[in-house]
Amino acid sequence: MRGILSLLLNALILITLFHAVGSWIPTVRESNIYRKVDGILSPLLNPIRSVIKPVGGLDFSPAVLILILYLIKQLLKV
C-alpha cells in the first residue's frame, strides 16, 4: 500500500513540474497532453490559487502543491 501511495504522490509531483514548466512554453501549453494534465491538476491548483494570487504574473500554486505533496509524503513516511 505504501508503495502505491508513494508512486502516486511522486507521479503527481512530476506531473505538477511538467505543468509548471509547460505553462511557460506556448507550443507545450497548446498540446493535447498539456490540456489533459491541466484537467487533472486544476481541481488541486484552483483552491491554492484562490488563496495565493499570482505575483507579478507568476503563479506560485504549483510550487505550493509540490510542497504540500512532499509534506504528505513526510507525514505518511512513504
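The numbers here are math on the coordinates, done by the rules we state, and not lab data. Here the structure is a predicted model, which is why all the values come from computation and not from measurement. Quick reminder, even Gly has a Cβ in these numbers, built from the backbone with ideal geometry, and neighbours come from all protein chains shown.
Using the Cβ-Cβ distance between ASN10 and ASN32 with R0 = 30 Å, the FRET efficiency computed as 1/(1 + (r/R0)^6) comes to roughly 0.80. Translational diffusion of the chain, estimated by Stokes-Einstein from the Kirkwood radius over alpha carbon pairs at 4 °C in a medium of 1.567 mPa s, is 98 µm² per second.
Only helices enter the 222 nm calculation for the chain: every DSSP H run of n ≥ 4 contributes -39,500 (n - 2.57), and dividing by all residues gives -25500 deg cm²/dmol, rounded to 500. Between the helical axis of 2-22 and the longest alpha-carbon principal axis of the chain there is an angle of about 10 degrees. Each of LYS73, LYS53 has some number of other Cβ atoms within 10 Å of its Cβ, and from fewest to most they run LYS53, LYS73. Once you keep just the Cα pairs under 8 angstrom separated by 6 or more residues, what percentage relative contact order results for the chain? After rounding, I find 39 percent.
Each of LYS77, LYS36 was scored by other Cβ atoms within 10 Å of its Cβ. Listed from fewest to most, they are LYS77, LYS36.
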